[in-house]
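Shown next, in structure tokens, is the structure this report addresses.
The values are calculated or read from the model by the stated rules, or taken from the named source; none is laboratory data. These numbers come from a predicted model, not from an experiment. Please note: Cβ atoms are built from the backbone with ideal geometry, for glycine as well, and neighbour counts cover all protein chains shown. With ligands, DNA and RNA removed, areas are computed over all heavy atoms of the protein, side chains included. Shrake-Rupley method; radii C 1.70, N 1.55, O 1.52, S 1.80 Å.
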Amino acid sequence: QDVRFVLRCVVAVLKRHVALAPDRCATFLQMLLRALAQRPLQPWQRLAVLVTLRSVCNDPLLVYKLFEMYDMAMDFDLNALSDLTRTLSEVARDIVRLSLEMPDEDIM
């Protein structure tokens, strides 16, 4: 319950204040991407992070702002969209691999 509230707050901060607090928003985004990269993550935690990233990706203006502020900027060591697409493709690859290895199991 608390995790979902915190993740909703992170999305709200990203959507509303990315231009005002770019350092903090970069930290939030890196934390979300690192959380997905961790393998011992519980399924409900992984799903909560994926839902959070889905809401980020569903906002085209936010996606453009992330690209403009981080991927195109020289003062940040974050490639927000590149890292996001790479992480999501790794998640999709893992899901496909697991579904092929265990076709009768619920992998999510």
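Listed values, structure above:
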quantity: Net charge contributed by nearby residues that have their C-beta within less than 15 Å of ALA80 (K/R +1, D/E -1); calculated: -2
quantity: Relative compactness, the chain, computed as alpha-carbon Rg over 2.2 N^0.38 Å; calculated: 1.13
quantity: Computed magnitude of the charge dipole of the chain (debye, nearest 20; Cβ of K, R +1, Cβ of D, E -1); calculated: 320
quantity: Farthest toward positive dipole pole in the chain [+1 Lys/Arg, -1 Asp/Glu at C-beta], among LEU81, SER55, PHE5; calculated: PHE5
quantity: Relative contact order of the chain, pairs being alpha-carbon contacts under 8 Å that are 6 or more residues apart, as %; calculated: 25
quantity: Percent accessible area from carbon and sulfur atoms, the chain, protein chains only, probe 1.4 Å; calculated: 58
quantity: GluC sites (Glu not before Pro) within segment 7-108, DSSP loop, no more than 12 other Cβ atoms inside 10 Å; calculated: GLU105
quantity: Accessible solvent surface per residue of the chain, calculated while the other protein chains remain in place, 1.4 angstrom probe, Å²; calculated: 67
quantity: Listed residues HIS17, PHE28, LEU41: farthest to the positive end of the dipole of segment 1-50 (Cβ charges); calculated: LEU41
